[in-house]
Structures are given as C-alpha cells and as structure tokens.
Amino acid sequence: MPTTRPLPTAPTWSPIGNSTPRVDGPQKVTGTAQYTSDFHFPGLLYAVPVEATIANGRVVKLDTVEAEKMPGVRAIFHRENIGKIFRSIPEQGFEGICEERRPPFEDDVVRYYGQYIALSVADTFETAKAAADAVRVTYAEEKPNVETDLQADDDPEEIVATFGPQRRLQSQRGDADAAFASAPVKLDQTYVTPAETHNPIELHATTAIWDGSTLTLYESTQGVVNLRGILAQMFGLPKENVRVISKFLGSGFGGKLFPWTHSPLAAAAAQQLGRPVKLVLSRKMMFQTVGHRPRTQQRVRLGATPEGKLVSLQHDYVYERSMLDNHHEDCGEATAFQYSVPNLRVTFGRARRNIGATADMRGPGAVPGLYATESAMNELADLLSIDPVQLRVLNEPKIDEGLGLPFSSRHLLECFELGTEKFGWSRRTPEVGSMKRDGLTLGWGMAGCAWIAARFPAEASVQLRDDGTARVACGTQDIGTGTYTILAQLTSEKTGLPLDKIEVALGDTSLPAGPLSGGSMVTGSVVPAVFAAADSAILSLLTVATMTPGSPFEKRPAADLALEGGWVFVRADGPGRGVPFADLLRRANLRLVSGSGKSEATFGNPEPKFSTHSFGCHFVEVTWQPETARLRVSRVVTVIDAGRILNPLAGRNQIEGAVVMGIGMALLEHTSYDPQNGAPINSNLADYVMAVNADIPKIDVHFIDFPDKELNELGARGIGEIGLAGFAAAMTAAVHHATGVRVRELPIRIEDLLA
Ligand code: MOS
C-alpha cells in the first residue's frame, strides 16, 4: 500500500549541463562492452576477401583450385558463384544512402586497388587468410590514374551527389570577378589538402546470420537503420526481414556512416553456407575499400579595401572521387556565410581517379574548405598588416548573406573575445620570428570555424517500470562520443531518476528508428524525440495514478499531477508530499508504462527560416628550433559556440579529440597512392602517421553556452566535428609566424620548413 510521505529534499538537480561521466564507461573498461567482432556464434565461419592488386583493368582469370583444396576451406566465392546481389537506390528520409553503389562482384572490372574480387570462407581466420592468399588472379591491366594535380572533369552544371543534386555554381552574389579586378588589395592563392584515411582503432567488422529468409547483421556502423535498408534492397528482402545491431563502436569518423561492400559479401556467404560468417577488415583494407577524405585543390581569391573590408570572395575548388562514387566534398559549405562580402562566387569541380570511394570524414567539406578560406584570410591580414582577429571582426556578417536568412544563433565575436583573452593574444608581435621563449622561436596563429547544425529524423521510446527504473530506446548509435550518456541524461531530466536507474538501448534496428551518427547531429536530433517519448510515458503514468483504486490520487485529473525526482505528487501541493512512481505501478499491477516520441528532420529543409550553424575559433602556439628543424605545438586555446552544452565533460572530450586530429591534419596525415599500381602506399599505422600523445600540448577548451532554441528545446547543437574545422589554418599561420614559410599544401613537411 503506497503511503504518502515527505521527500527529504525537493529534487532540484538536473543532469543537463553537468559534466557526467560515461554511463557505459564501466562496461568499456572492464571489457564487457561487446564490439562487433567480439560476437561469437556456434558454427561461426571466417571470411577473408581477395584484394585486387591492380587499380585499373579487368580480372581475366581466377584460379581457385589450390585454395579450395586447403583443409578447412568452405568456399571461395567470386562473380560466378556468389549468387544475386542487387543494386540499391536512395530512399526517403536519409535512407538508402551508399557511396559505392556497384554491388561486390557485379562485374569483372577493377576500378581501384584493393577492390574485392573473391572471398575465401573457412573454419578459422588463419585458414581463410591462407586460402585468400592462394587464389591466383590474372588481370588485363591498364595504367591507373592517381594523378595528384586535380583538374575538373567535364561535368554538367548540375551533378547528382550522395545527398541529391548539386549545382557546380554553388553560390553567387554581386559580381565577384569585376569586384576582384578593381579591388585595391588582392590575394589569389591555391590550397591543397591530401587524401586522408579514417583510422578508428576498431576495424570495420560484420557478422551475418541467416534464419530462413531473415538476416541479422552485427556491424560496426554509424547508421543501423540506413544499413538495414541497403541490405534489404541488395538481397531483395522486406526491411522487416533484416536486423542490424551495433552496440559499441571503436569510433568511425565518418568511415562507418554508410555501407561498404564487405557487408553484403559476408551476408551472401552466410546465406549460401547456412552458417554465421564473420568478416573483419585488415588495417590495409581500411585504406582501400571503406572510404577516405578526398584530396582537394582550392583556389581562393580575396579582394579588400586597404582598411580590411572584403569586397570580393571567390572559392573555386576541385576534389577527387573514385570511378564509382558520387560523394560531394562540400568545401564551400561555410564560404557563403562566414564573412560579410557583397561579391562572392563559389564553384566546384570533380576529378575521377582510380582510387577507392571517397567519403565523409569528420567535418567533411567544411574542414578542407575552411582550411583554404581561413588560410586566405590569415594571408590577407598579413598583406594588410591588420591583426587576423581584427580582420575577421571587421567582416563579421549580420545575417547569412548566402541564404539571405538570419542566423539562429551566432556568437563568433564572443568566441574571439574569450579566445584572445585566454590565449593572451594581445601580446603577439606580428613580425616573423619576433617572439621567443626559452631559446625557442614562437609562432602564434588563429582561425575561425563553423559547422552545420541540423536534425535528422528521430524516434524514441521511454518506459517507466515498477522497480523504479526507466528505459530509453532509440535506434541510433554511440560511436564513442557519449550517446548512451546523453540519452540517459535526457531521460533523467524528464523523469528525475538518477542515471543509474536508467537503462539505455541503442544500436539496433528493432528499436525505434534513430538518426545516423553523423554530421554532429545525434544530440540535436534525439532531444525532441526523447522528450516527447518521456512526456508521453509520464502522462500515461499520471493517468494510471488517477485511475487505480486505492491510489492517493484516485479520481483527480491527471493534469493536477506531476512527476519529479521519481515521485508523483499534486502539483498544487508541491513536491514535498508525493509517492514513488514505482509504488503506483505496483498498485496498478503494471510492469511498465511507455511512451513514444518522434521528431522531424531539419537537415535538407528546402525552406529554412534560419541559418543554423555552430561557430568557434582556435588559437595555436608552436615552438620552432631552426637549428634542428624541430617544430612542436605548445599551446592550444579553442572556443566553441555550439549552443547549450548538455555534458561539458563529454563535450570537451570531443573538441580535444578534434584538435588532436587537427594537429595530425596539419603536420602528419596523408594517404599517398603509388603512381605505378595505384595502391595506397602507406596503408598501415606505421606509415600513416597520426598525432599521438607526445604530439599534443595542453588543449584549453571553452564553450560559451548560448542556447539555440531553433534546433530543439534545450538549445543544443552538435560538437563532434566543429573542433577540427579551421584548425589547420591556425597551424599554418602559426608556422608562418615562427618560420616565415607559408605552407599551402598539407601536411606541413619538414622539407617545407628547410627550404
Ligand atoms: Mo561524420 S563525417 O558526419 O561521421
């Protein structure tokens, strides 16, 4: 019998905006978190693909005799015996998205080095690998095109890209050519960013299991819902016959956003052999078959008055893509709105190469794009002898001049103010090599940044249970960014339950359809859906409280009641006298009440009312020892305007990670292709060098926390990607300030500085 009793203290604590350690942390550090390749099943077989060793040509003959004879080999699959794998097309609601549409083994044409041309399946991984190595391939080889100088192919004015049509004249206002021609001060430079490869520690992995005509796929994916739709198309199945599970991810950086060819291969093999099949990529394959950030070549022309007011901005960029993909690397994403300028033109072109598919990688488009435009702004500041912060302040726009719309919330000037103060920017002397400390030459540089803020469609459900716990479910993923924790925080905010009383279910297509873990959009997308689901569950609970015989709230209108801190009480009486909600459920003999919620996408909205983006800036200090050509990053201050920060601990962690990646982008990361055979040459973690702890100084991260209520009721935008945008431009500026060398092709190599 529930009794009414006073609460010790009224619940006032909110998890929102408080630093909250990962709710899944204990599972990760105790090894009980199951990543895709950790799942084992009775009768599991292992698959290893055979990789093409040419980048352009045809497979003339596959000799599988020796491989098939090996003990423990179950099958060598290839074009003749893999069975039917259909193509896929885009669907409504950001589903059916795929960068490499050609199904594996569809033809005998090799378009890039490492393309899968056969699949060995065996009782053990070692046998499968040995058999894959024993397959003899005869090719008709042609010279691959992996030329690094990018000249635009002859494409139509409107092209079809992964997310729909794109005009190659991306943005235009005024007369950029005329204004540039007559501008008193001109800058005309070309900036190059290399191909970069996603290197999450967790390799791509798939395990496929069939039960009759039902396929279950354990997959390391940033989008279970999209992958389900693609596989349903590829195997000609209704969507309800496909289930995709992705419980924990060792990151993805965009490489796991969309499906790749190993997943249908594992599924096809499992179907034919009637056994579960696991396929885990090698690190080398990670460089070949699962996407990479394309190389870009970007010409930026700026025209300005001697006082530093921009009169013209032209951004003309070319990016590489594979023979098969339609990925659009939107380097112009931020160009049209970042500065006030009356005359502007942004165009792009594409150059086809014999390389694996290009794809989204953390901050796709804007990261290489802002490297170019922010570098140009820094060079213009030097040309004008104006402080680079001051130049940006002078050209701060009042509205998004590209769309002609107000910003939902833009506080870049506040970012500059806080950043300059925290960094001590006013002490900077602009002359090259003029700043010293402890016998080292210092270089100081800065840049601004921006990243899109939008929502994907999202559905969620919330249950309140008779043991005093809640469960929140959403078919999204946690790629390591903290989505488990955010879902728990949101549910806690609404129900008042502590985080350890909240179960979070995600990463499964049997749950309400959730958003892709991409575009830094998950948090912004799930807030309204989870809140609506919680509100609906709470209303159900309060209705039960009014209808249950013997309930202290019997026959009251549900609207008189409230749930806070896990206690139900009469609103007018305040939370001091209440009943634990679990007591009410038990009284009613209910295990649970549940509610579901849904929110629509804002991404891709053809008629937006606001321009919605996050903003920020980076300040970087490098130290330079010319005697030994030793360059180190010694200090970073980053200030981010990403709306309201729901979890500052996880948020800071995201920005720190992005800055680490930015140091790698500026100094180390690049994928190089062998001009002879088209192979990514440095396809391993020894030769593809990334920033590690020893390269990283103290990273001082600040959020300015202006809620952006246009996106959701909490005012939260995303923080996964923005910390990387602009960073490399701050680095090249710092390096110039220290050394006098202007590097316009990333990464900055020691050879550049010796010149
Ligand atoms: Mo991110 S490139 O949208 O996973």
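Tabulated data
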read-out: Net length gained if the chain between Asp573 and Thr190 were fully extended (0.36 nm per residue, minus Cα distance); value: 131.1 nm
read-out: Charge context of Phe407, other residues only, Cβ under 10 angstrom, K/R +1, D/E -1; value: -1
read-out: Gyration tensor verdict on the chain (Cα atoms; rounded if a/c is under 1.5, prolate if a/b is larger than b/c, oblate otherwise); value: oblate
read-out: Contour excess over end-to-end distance, with Cα ends at Lys129 and Ala178 and 0.36 nm allotted per residue; value: 11.5 nm
read-out: Under-5 Å amide H pairs with Ala161, H placed in peptide plane, nonlocal only; value: Gln166
read-out: Förster radius 25 Å - calculated FRET efficiency between Leu539 and Thr30 (Cβ-Cβ, nearest 0.05); value: 0.10
read-out: Separation of the Arg101 and Asp438 label points, Cα + 7 Å toward Cβ, nm; value: 5.7
read-out: Accessible surface, per residue, of segment 239-311 when the full set of protein chains is kept, probe 1.4 Å, Å²; value: 25
read-out: Per-pair calculated FRET efficiency, R0 = 45 Å: Ser213 and Ile696 via Cβ, rounded to 0.05; value: 0.35
read-out: Relative contact order for segment 214-314, counting Cα pairs under 8 Å that sit 6 or more residues apart, in percent; value: 22
read-out: Gain on full stretching of the segment that runs from Ile399 to Thr138 - 0.36 nm per residue minus C-alpha separation; value: 88.0 nm
read-out: Where a label projected 7 Å from the Cα of Ala601 along Cα→Cβ would reach, residues of segment 514-529 with amide N under 15 Å; value: 514-522, 525-526
read-out: Average accessible surface area per residue within segment 25-169, 1.4 Å rolling probe, Å²; value: 52
read-out: Accessible-area composition of segment 34-150, carbon plus sulfur, in percent [1.4 Å probe]; value: 50
read-out: The chain: calculated mean residue ellipticity at 222 nm from DSSP helix runs of at least 4, using -39500 (n - 2.57); value: -7000 deg cm²/dmol
read-out: DSSP-defined antiparallel bridges as percent of all bridges, the chain, nearest 5; value: 80
read-out: Lys/Arg +1, Asp/Glu -1 at C-beta; the chain dipole; positive extreme among Ile209, Gln625, Trp567; value: Trp567
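The values are calculated or read from the model by the stated rules, or taken from the named source; none is laboratory data. What you see is a predicted model, and the numbers here were worked out from it, not measured in a lab. Positions of Cβ are backbone-derived with ideal geometry, glycine not excepted, and every protein chain shown enters the neighbour counts. The accessibility values were calculated without ligands, DNA or RNA, using every heavy atom of the protein model including side chains. Shrake-Rupley method; radii C 1.70, N 1.55, O 1.52, S 1.80 Å.
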